[in-house]
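Worksheet: the structure to be examined is printed underneath.
The values are calculated or read from the model by the stated rules, or taken from the named source; none is laboratory data. Since we're looking at a predicted model, the values are computed, not measured. With ideal geometry, Cβ positions are generated from the backbone for all residues, glycine too; neighbour counts draw on all protein chains shown. Please note that ligands, DNA and RNA were not included when accessible areas were found on the heavy atoms of the full protein model with its side chains. Shrake-Rupley method; radii C 1.70, N 1.55, O 1.52, S 1.80 Å.
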Amino acid sequence: MAAIPVPLPSVKMAAVEKRRSVVVTAANFTDGTRPSVSRAAATTESEEDFLRQVGVTDMLRAALLKVLEARPEEPISFLAHYFENMGLRSPANGGAGEPPGQLLLQQQRLGRALWHLRLAHYSQRTAFNNNVGVAYECLSASGRKKPGLDGRTYSELLKRICRDGEAPEEVVAPLLRKIQCRDHEAIPLGVFRTGMLTCFVLLEFVARAGALYRLLEDPALATADRCMGQAVLDTLEGALQASDSAAAPARYLEAGWRLGPDSLAQAMDRALVARRPSSPMTREEFLEKAAALFIAKVKPVG
Amino acid sequence: MLSPERLALPDYDYLAQRHVLTYMEDAVCQLLENKEDISQHGIARFFTEYFNSVCQGTHILFREFSFIQATPHNRASFLRAFWRCFRTVGKNGDLLTMKEYHCLLQLLCPDFPLELTQKAARIVLMDDAMDCLMSFSDFLFAFQIQFYYSEFLESVAAIYQDLLSGKNPNTVIVPTSSSGQHRQRPAVGEASMPEGVEASLFYQCLENLCDRHKYSCPPPALIKEVLSNVQRLTFYGFLMALSKHHGINQALGALPDKADLMHDPAMDEELERLLAQIPGLVNSVTASAEASCLPSRTPHRVGFSWRSLHHARKVDAESDGSTEETDESET
């Protein structure tokens, strides 16, 4: 349950009194900032000054820009996460006293980069590209001898994204093998961007394949019929293959057509008629096969 | 997953549609009123808690009425808070008067206007015998319609009046705030005229209204459903039907179905746990907002007054002080 962060002014008198009695022991308790007292005398201008001085103005401006850039479906929870992350990063919170070790620093940088990467969905390409740029800078400015991003950090980031994306490990492993770089290699921004984008697209692809599987699944057995599953996968493969030959707009259309409800229904219908008894298909198998179709399209790095 | 319209909107429209600026402004106001909090925990922490509480709907507790009605999300949050706090009233089967419900509302929002409570009671009591007792669920669902669709109902009342007096319904309606207006009934002398207005004509006007109304209105399809069952109906008959329509309740999304109104095992468990703790220690985990505004005993009809309001506020203030330690683990 959440605390009530913002008591009503009239309630606040009691709240402050209470707090006083609770926190008497706390040595650093600073009283005397009764806003209603100071505010009575102060003008709006001084409030503005206050906000500027403590950095609220800049903080909110940056937050608002992020909201506009990412256009999240739920801007309020977006803001909550945004500030939460900022709070975690700020030196006021958590072990600012001693300089963190190299390993911890690395983890912090990865966390920050991940946070930037997740701010906007990849379909909003401008926002996503900006965030990729910022994430790249976060990781490059390591303060070590040479600026720049090495393959080890890049690979670790990819792994983190996949792990957090809740896709089964065996499903994404082939992709990682394809787009990973060697530990000592320097990663240019272009490679970094492609890697991130591919990774996010694959995760969404897997999530959708999972949704597709749920439709095929027999709820009692928690498995799907193999013929049905295969028919769907074949249709998917056909659609993806269609995109090899033709020019871009035409092939999107063709792929869309092949995956349309009609074509899919026909394929499933055919499968149903020609059904032979066979072992059922599990979710893992389906996802792995679907992901393999996608990953086959990814060009290996280097 | 993505609703693309929002990406096409101009910036300012996007922000306005989701009331981002309302909440940002409020966050700053709250920050200015709670300067001591930020010196302790930092600004980012303050904003995190603020926006989290907005997401969870606890941000409206004990706030001023103008804020509570500022956005649809605030209204829904308030309805939800009211239900969760005073569910026990319904569970015990207590019947309360309009004034008593108003006291309950004021526990959550000290400047809650009496007028609105009265209007809600009029829906339940069909504008008759205003000092009657009402059940919790009847009041709650009527209140929901009145509070959430306040502006819409103002316009509906004006339309209804026009139809009653035989004016051309398609003239532009200027909603007025004079609340007493719709209370005049047709002159009693005209006994030949059946009461109310014709449903189909009424629906045409309302459909028209929904199209151009900038505030929230119930889904037109559901209004149609309500009106298609009858030939003629009165204003309060219409509001009563709206308040009892479970589809509208679902569309609004603040309250569960009527059957589930008293059913919330998680809350019950929490309550039991809290009640078990109460004798002796007040400083316990009353962080839960619902619990903190529930007096430890069931509000008694007779002795329910400003005194208990004061008591509840104090309980809240205490919990506010004590949450500071528990916060660490929550965030």
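Computed extension length for residue A:58-residue A:166: 35.4 nm, one decimal, from 0.36 nm per residue of separation with the Cα-Cα distance subtracted. Taking the stretch B:8-38 and a reference point 7 angstrom along Cα→Cβ of residue A:48, the backbone N atoms nearer than 20 Å belong to B:21-22, B:24-33.
Count Lys and Arg as plus one, Asp and Glu as minus one, and take only other residues whose Cβ is under 11 Å from that of residue B:216; the net charge is then +1. Counting only protein heavy atoms and using a 1.4 Å probe, the accessible area of residue B:58 comes to about 10 Å². Among the trypsin sites (Lys or Arg not before Pro) in the stretch A:173-274, those placed in a DSSP loop whose Cβ has at most 14 other Cβ atoms within 10 Å are A:182.
When both the stretch B:56-87 and the stretch B:121-161 are represented by their alpha-carbon centers, they are found 18 Å apart. Using R0 = 35 Å, the C-beta based FRET efficiency linking residue B:214 and residue A:137 works out to 0.20. Rg and Dmax of the stretch A:211-295, based on Cα coordinates, read 13.6, 45 Å. Ranked from largest to smallest solvent-accessible area, with a 1.4 Å probe on the protein heavy atoms, A:257, B:83, A:115 come out as A:257, A:115, B:83. Shape analysis of the stretch B:28-112 based on the Cα gyration tensor places the equivalent ellipsoid semi-axes at 30, 13, 12 Å, largest first.
The modelled label-to-label distance between residue A:222 and residue B:203, using points 7 Å beyond Cα along the C-beta direction, is 4.9 nm.
For the set B:99/B:244; B:214/B:244; B:224/B:258; A:66/A:159; B:167/B:258; A:159/A:299, the pairs lying more than 29 angstrom apart at their alpha carbons are B:167/B:258.
Of the residues B:37, B:13, ranked by 1.4 Å probe accessible area with the largest first, the sequence reads B:13, B:37. Using R0 = 51 Å, the C-beta based FRET efficiency linking residue B:65 and residue A:183 works out to 0.25. Going from the chain on its own to the full set of protein chains, the stretch B:15-63 has these residues losing 50 Å² or more of accessible surface (heavy atoms, 1.4 Å probe, no ligands, DNA or RNA): B:18, B:24, B:32, B:33, B:35, B:36, B:43, B:44, B:47, B:48, B:51, B:62. Over all Cα atoms in the stretch B:5-56, the spread is summed up by Rg and Dmax: 13.4, 41 Å. Distance between the pseudo-spin-label points of residue B:40 and residue A:204 (7 Å out from Cα toward the beta carbon): 4.3 nm. For the chain pair A and B, the interface hides roughly 5300 square angstrom of accessible area in total, found with a 1.4 Å probe.
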